[in-house]
Each structure stands twice: as C-alpha cells, then as structure tokens.
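The values are calculated or read from the model by the stated rules, or taken from the named source; none is laboratory data. None of the values given here were measured: they were computed from a predicted structure. A quick note on method: Cβ atoms are made from the backbone with ideal geometry, for glycine too, and the neighbour counts reach across all protein chains shown. What goes into the accessible areas is simple: the full protein's heavy atoms, side chains included, and nothing from ligands, DNA or RNA. Shrake-Rupley method; radii C 1.70, N 1.55, O 1.52, S 1.80 Å.
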Amino acid sequence: MSVLRLPLDVHEPRVRQMLERVFAAAFTIRRAVQRDARARVDAYWAARRERAAAGPDAVRGRLGLSRSGLEHAAYRHVDGAPHVRRYLTKALAMHLADGVWEATERHLFPDATDRRHGRPRPGGWWQFATIPGRARSHTRARKWETFRLVGSLAGHSATFGHAGRLWQPRRMPAVTATTAGNPVRSWWDHDGPFAVILTGLGGDDLVLPVRLPQGPARRPVLEHYLADPDRWHKIDLVRHRDPGAAGGWRYEAHLMVLGPGYTSPAVTERRQAAAQLERRGGVDVNVSNLTVVSVPTGPDGGFAASRIARTGEHDAVLAAQRLRQRRRQRALDRSRRAANPGQYRLSPRQQRRADRRHAAGLPPVQAAVPGGPRAANTAGVPVRAYRHDTLTNTYQRLRGRAAADGAARTRAGHTRARITAAALVTVHGARLVVEDTDIRSWARRWGRGIHAFTPGMLLAALRRETTAVAAQAGRGLGLVRAGTRHTAWTQHCLCGRRIPKRLADRRHHCPSCGLTGDRDLVAALIGAHTVLTDPAQPSTARVDWDAAQATLDRYGIETINGGLQGALTESTGTHPGPHHTGGRPRRPQPTTGQHGQRQGARRTFGTSPRQPRMSPTTPVARTTPERRDAHPGLSTKPGTTTGLRHRP
C-alpha cells in the first residue's frame with residue numbers, strides 16, 4: 001500500500017460550507033459513539049461478578065461492546081438526527097465507529113507486552129482531522145460507497161495542460177461530469193479533471209476539485225499513482241489547520257493505492273550501490289550527536305567515520321524560534337486572560353492597587369488582564385476547566401498559526417533526517433548496529449537537548465532507509481539493535497580491555513594499546529564488530545573481539561587515531577568553489593592511508609564543538625497551557641527541528 005496526498009480546492013463558499021458541515025456531522029457522530037463506548041466500558045469493568053460467572057464474552061455481548069455493536073449505535077445516532085443525515089451517510093458513520101472500536105479494543109485487550117491503553121474518552125474538535133473512507137470493491141464494478149476519486153490523468157492534462165506541463169489556475173473551476181467534453185449524468189462515466197465526490201447525501205453531492213502537484217519532476221509520480229484507476233483503493237478526507245486558508249483549514253484527500261510507492265531512478269540507483277557495499281557499521285547515538293563508523297568485510301577498503309552534531313548556526317536558529325514561540329504563547333495567555341477575567345486572580349501589583357483604592361473609598365476597577373494564577377480550589381485544581389473558556393477569534397488565529405508552524409517544522413525535520421540517513425547509508429552501507437536504548441527515558445534530564453537534536457527522528461529515518469535498501473537488495477541488511485548488558489561499547493577499548501568512563505568523560509584513552517579518540521567514535525567502531533545470534537533479539541548481541549583485534553592489527557593505532565580525529569575536524573557541508581557549487585554537497589571523500597590504500601576517516605556531516613552538559617529540566621508550577629508550552633525545557637515532543645548542517 002502507498003498513499004498520495006491530493007490537495008483540494010475549496011475557495012467557493014458554498015462548497016467550503018458544505019464540507020465544513022460534513023466534518024461537523026462526522027465529529028458529532030464520532031463523539032456520540034465515543035461516549036457510548038466509554039459508558040459500556042465502565043459497565044463492563046463494573047460487572048465483576050457477571051464476568052466471573054458468565055465469562056467476559058457474554059458480558060461484552062450483552063453490553064454491545066463489539067465492532068458491530070458500536071456500528072449499530074452509530075446507525076441509531078444517524079437515524080435519530082435528521083440534520084446530521086443530510087451531511088453524512090451510514091457508510092461514513094460505520095467507519096467512524098470502527099475507529100472508535102480500535103481505540104476501545106486496545107483498552108479491553110492487552111498487547112504483546114501485557115499493557116492496555118487508557119479508558120476511551122471523547123476527543124476534541126480541533127484534534128478531529130480525518131474522516132475515514134470505505135475501500136472500493138475490486139470484485140464488483142462501480143461499487144465505491146463513500147469518498148471516491150473521479151476523472152482521469154489524461155482528462156486533467158487536457159484541461160489544464162500546456163506544452164506537456166500542468167498550468168492550473170489559482171482557483172480551480174467547478175467540475176461537472178463529462179465524457180469527452182460532453183455532459184453526462186453519472187459520475188462513473190466522468191473522464192475530465194480530477195475531483196473527489198461524496199454522493200448519497202440528503203441534498204446535493206459534494207464535489208471537491210483536485211489540484212495536482214505541478215512541475216516536471218512530479219509527472220512520473222502522478223503517472224505512477226493515477227494512471228491505472230484499478231489500483232485506487234480508498235480515500236480519506238483530511239484537514240490541517242492553516243490560518244492563511246479560507247475558513248482556517250486546508251483540506252487534502254489521501255488516496256490509498258494498491259502497490260508500492262514511487263521511487264525515482266536516482267534513488268533506486270543509489271540504493272543498489274549501497275546494497276553492494278561490503279561493509280558493517282556501528283551507530284552510537286546520544287543527546288547531541290550521532291556517530292557512525294564502518295569497516296569493510298572484505299580485503300579492500302578502509303574504515304569510514306561520520307558524525308552528525310548540532311552546530312552554532314543551528315543553535316542560533318533554534319533560539320530565534322524559541323523566542324518567537326514564547327512571544328506567541330504570551331500573546332495567547334493574554335488573550336485567554338482577557339476573555340476570561342473571572343477565572344484568574346489579580347497579580348500582587350494589581351492586588352495592591354485594588355487595596356489602595358478600597359482604602360481610599362474609591363470604587364473597584366476591573367483589571368482588563370488579570371496577572372495572577374488561575375482560580376483553583378485547595379487541591380490546586382482549576383475551578384473551571386480550560387476547555388470551557390471563552391476563546392476569541394484572535395486566539396484561534398494565533399493557535400492556528402502556531403499549529404501550522406509546528407507542522408512545517410516537523411516536515412522540515414523529517415526531510416532533513418531522510419536526506420541525512422540516505423547520505424549515511426551511501427557511505428557506510430545498510431548493515432548497521434545500534435545500541436538498544438529508549439530515548440524517551442532521556443527526556444526527563446536532557447529534554448531540551450533532545451528537542452534540539454531529535455536523535456529519535458534520525459534513527460527512525462536511518463531504519464527506514466536501511467530497510468528499503470534491504471528490500472531492494474533481497475539481502476539480510478538493515479539497522480538492528482544490540483543489547484547493552486553484554487556489549488558496553490563505551491566502557492571498552494577496541495583491543496578488548498575494559499576502560500570505565502563516567503558520563504562526563506568524553507575522551508577515550510587506552511593505556512594498553514594506545515588508542516585515543518572521541519568516546520562516541522570509539523564506541524561506534526566497537527559497534528561495527530558486534531554480532532547477534534538472533535537479529536530479532538537484542539539480548540543475543542556480543543562483541544567479536546577477534547574481529548576487533550584484526551581491525552586494530554590491520555590499520556594500526558596511528559591510522560585509527562588519525563581517522564577518528566579527522567571525523568571531528570572535517571565536514572561535508574556545502575563547499576562553494578570553481579568546480580563545485582553550493583547547491584549540491586560533495587560525497588564524503590576518503591583519506592589515503594598506509595601503502596596508498598584508501599582508508600582512514602571519511603569526511604563527516606558537521607563539526608561538533610564540545611557541548612556543555614545539559615542540566616535537568618525543572619518542572620514548572622501549575623499554570624495556563626500557554627505558559628506551560630512556552631517553557632523551553634518542556635519542549636520534548638518528537639518531530640521538531642534537527643541540528644543537521646549537511647543538506648544535500
């Protein structure tokens with residue numbers, strides 16, 4: 001399966017209003033089914049004696065706590081609300097209920113680790129972003145009950161094409177059912193421009209014009225996904241908050257296609273070359289950098305080292321982003337306080353002013369923006385929940401802009417991580433080993449550093465790239481995890497001697513063999529000699545000390561020390577020059593070692609000055625959501641900007 005995102009044009013007020021009402025009706029049904037599921041779950045856990053006597057299956061059957069039970073509950077809600085039935089079909093209601101059942105099922109039944117998800121609860125309007133569609137029938141013709149894509153790539157190109165390229169207007173015209181330019185009554189016969197339609201509503205059909213991605217490089221992608229309509233499987237309607245769009249939302253249709261996604265010839269060639277590399281490597285990851293060192297498995301080649309770290313330039317950009325975020329959060333906090341003055345106490349300064357006026361016999365003056373804490377009971381719980389506050393249009397606009405900026409930073413971070421992972425696999429191959437650690441456990445102490453560097457995003461991109469290379473090559477490649485109990489990369493030397501180090505000791509020095517270098521680079525070099533009896537079990541990892549000693553004897557201490565030091569001082573960022581422009585970075589170049597062999601350290605992805613140790617983040621007191629989000633030490637959400645200087 002693969003997915004193609006198709007932007008929808010909803011500039012017409014009538015179409016946009018109808019689409020908004022479809023989302024509102026879907027949210028109403030979904031919330032009602034979520035409440036039903038929560039009530040049935042509570043009744044199920046309360047019936048202890050009945051579960052012990054009749055069995056859990058009988059109790060769930062009596063309560064209707066099943067997929068079909070929630071689907072019939074959704075049908076009843078649709079039948080009982082004619083205003084909802086006008087903008088929603090029963091097929092959509094069934095799939096909304098299926099989504100609620102999936103969350104309920106994860107609560108009722110434990111997973112492989114014997115853990116259950118939390119009790120189902122109704123979701124919020126601003127978090128409701130997807131209306132799932134129903135898959136089409138591939139055995140019966142013309143059976144597609146919910147959202148469906150109509151039109152053809154040839155018809156779209158004929159309408160908006162010129163000289164082999166798409167030239168779509170800023171505002172897409174309304175789409176009507178046509179065949180060879182002649183009007184027809186049925187959408188099944190339409191072969192003109194693409195549109196997403198929803199039929200079977202109480203009123204008119206919902207017709208959403210599709211704007212295809214433009215540009216010469218997009219043409220092969222469109223042909224891969226849209227040339228064969230028999231591969232189209234289902235469509236989900238998705239919305240994203242965008243303050244610049246009409247209505248504050250940007251809409252997309254996610255088309256699921258049977259078959260793999262599109263891979264360009266250049267990427268295919270690069271992955272084939274990476275699959276042919278006879279190398280094995282180790283990956284050492286921490287809060288502020290990611291280090292990869294690989295050695296050849298054959299007689300030819302030298303060891304290569306790469307390092308990705310935060311740079312001063314990135315820290316400056318991140319500081320500016322945090323400053324803008326704090327200013328925006330303060331504006332949000334002021335807007336919330338001004339719209340709900342009765343829910344906040346006065347600040348000490350405002351209270352002293354009120355006391356002076358009271359002592360002087362003057363009437364009290366209501367503060368426009370109370371600066372004190374939230375009105376709460378003796379337990380510190382707010383008297384009124386935040387979700388019941390009055391929010392102004394300015395507040396909603398600022399929140400939408402913040403959400404759009406956060407999504408853009410997330411996409412940029414994923415793109416940089418993908419490009420960096422591809423460059424690493426190109427140099428080191430797809431046979432990599434990384435320590436089996438849980439990065440989430442680092443967040444309490446180094447949350448701010450994780451937010452700045454996002455090591456988990458880099459590892460995820462590296463895992464996807466190695467998996468793609470392995471799938472294309474059909475070989476046992478990929479990123480595998482090695483347990484730290486029997487390996488302890490950072491506490492050993494390549495010669496096998498144990499060298500204990502504290503977390504603050506960032507340099508490695510072995511008095512036995514004389515190996516000296518950065519702690520992370522030496523650990524990654526040891527990781528390159530780690531083998532697993534069962535790749536699916538990290539606990540089976542052991543260091544092959546015989547192979548490590550062979551590497552030490554093959555290259556020598558001086559060559560290894562020089563290569564490790566070169567990995568810290570050299571860079572492969574953009575190098576403008578007479579023979580190379582800054583638009584395309586150079587491939588990492590190997591240095592020449594003994595006997596003219598190409599060995600030593602490859603050029604790395606960024607210099608890494610020694611970073612100060614991160615101090616533990618201090619939890620803030622109970623306050624508004626805006627002030628809590630503005631605290632930089634608590635920004636530990638994944639999917640933010642990274643510190644990668646290398647940008648191919």
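Listed values, structure above:
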read-out: Residues within the range 82-118 that are within 30 Å of Asp205 (Cα to Cα) and polar (S, T, N, Q), tallied; value: 1
read-out: Output for the range 189-216, where each listed residue is loosely packed, with under 13 Cβ neighbours inside 10 Å and either polar (S, T, N, Q) or not in a loop (DSSP other than H, G, I, E, B) (or both); value: Pro216
read-out: Close pairs (6 angstrom Cβ cut-off, 6 or more residues apart or separate chains): farther than 14 Å from Ser66 by Cβ and modelled with pLDDT under 95 in the range 94-113, open to solvent by 40 Å² or more (accessible area, probe 1.4 Å) and part of a loop (DSSP other than H, G, I, E, B) anywhere; value: His95/Arg134; Arg106/His117; Pro110/Arg116
read-out: Meets criteria (out of contact with any Pro (no Cβ under 6 Å at 6 or more places or on another chain), free of Cβ contacts under 8 Å to residues at least 40 places away in the same chain and not in a strand (DSSP E or B)) for Gly413; value: no
read-out: Flag if Pro220 is at pLDDT below 85 and under 29 Å from the mean Cα position of the chain (by Cα); value: no
read-out: Near pairs, Cβ below 6 angstrom, 6+ apart or cross-chain, from the range 379-394 (more than 18 Å from Trp125 (Cα to Cα)) to any residue that is exposed (fewer than 14 other Cβ atoms within 10 Å of the Cβ); value: Gly380/Arg622
read-out: Residue among Arg481, Arg485, Arg497, Arg519 that alone is modelled with pLDDT of 90 or more and not acidic (Asp, Glu); value: Arg481
read-out: Subset of the range 461-488 (residues that are open to solvent by less than 20 Å² (accessible area, probe 1.4 Å), farther than 14 Å from Ala422 by Cα and under 30 Å from the mean Cα position of the chain (by Cα)); value: Ala482, Gly483
read-out: Residue in the range 66-125 that is surrounded by the fewest Cβ atoms within 10 Å (Cβ to Cβ), counting only those that are part of a loop (DSSP other than H, G, I, E, B) and hydrophobic (A, V, I, L, M, F, W, C); value: Ala112
read-out: Tally, over the range 446-468, of residues that are touching a residue at least 24 places away in the same chain (Cβ under 8 Å) and touching a Gly at 6+ places or on another chain (Cβ under 8 Å); value: 8
read-out: The one condition in (1) open to solvent by less than 40 Å² (accessible area, probe 1.4 Å); (2) within 14 Å of His107 (Cβ to Cβ) that Trp45 fails to fulfil; value: (1)
read-out: Looking only at the range 223-236, and only at residues there that are closer than 25 Å to Gly164 by Cα and open to solvent by 30 Å² or more (accessible area, probe 1.4 Å), the one that is nearest to the chain's Cα centre (by Cα); value: His224
read-out: Hits in the range 320-358 - residues which are over 21 Å from Leu398 (Cβ atoms), of a type in the set (Gly, Ala, Ser) and assigned to a helix (DSSP H, G or I); value: Gly342, Ala354
read-out: Filter pass, Leu318 being crowded, with 19+ Cβ neighbours inside 10 Å and over 30 Å from Ala246 (Cβ atoms); value: yes
read-out: Of all residues in the range 138-197 being under 13 Å from Val210 (Cα atoms) and small (Gly, Ala, Ser), the one that is nearest to the chain's Cα centre (by Cα); value: Ala195
read-out: Tabulated pairs, the range 192-205, first closer than 21 Å to Ala158 by Cα, second among the aromatic types (Phe, Trp, Tyr) and not in a loop (DSSP other than H, G, I, E, B), C-beta under 6 angstrom, 6+ apart or interchain; value: Ile197/Trp187
read-out: Qualifying position, being open to solvent by less than 20 Å² (accessible area, probe 1.4 Å), touching a residue at least 12 places away in the same chain (Cβ under 8 Å) and not in a helix (DSSP H, G or I), among Arg239, Arg280, Arg250; value: Arg239
read-out: The lone exception for Arg142 - which of (1) buried (at least 16 other Cβ atoms within 10 Å of the Cβ); (2) touching a helix residue (DSSP H, G or I) at 6+ places or on another chain (Cβ under 6 Å); (3) basic (Lys, Arg) it fails; value: (1)
read-out: Residue satisfying condition, being among the hydrophobic types (A, V, I, L, M, F, W, C), farther than 30 Å from Gln351 by Cβ and open to solvent by 20 Å² or more (accessible area, probe 1.4 Å), within set Ala430, Ala408, Ala368, Ala385; value: Ala408
read-out: Qualifying residue in the range 149-157 (condition: closer than 27 Å to Arg14 by Cα, assigned to a loop (DSSP other than H, G, I, E, B), open to solvent by 60 Å² or more (accessible area, probe 1.4 Å) and not hydrophobic (A, V, I, L, M, F, W, C)); value: no
read-out: Test: Arg30 is open to solvent by 20 Å² or more (accessible area, probe 1.4 Å), farther than 18 Å from Asp242 by Cβ and either among the acidic types (Asp, Glu) or in contact (Cβ under 8 Å) with a residue 24 or more places away in the chain (or both); value: yes
read-out: Neighbours by Cβ (under 6 Å, 6+ apart or cross-chain): first from the range 163-190, under 21 Å from Pro216 (Cα atoms) and modelled with pLDDT under 90; second of a type in the set (S, T, N, Q) and part of a loop (DSSP other than H, G, I, E, B); value: Leu166/Gln214
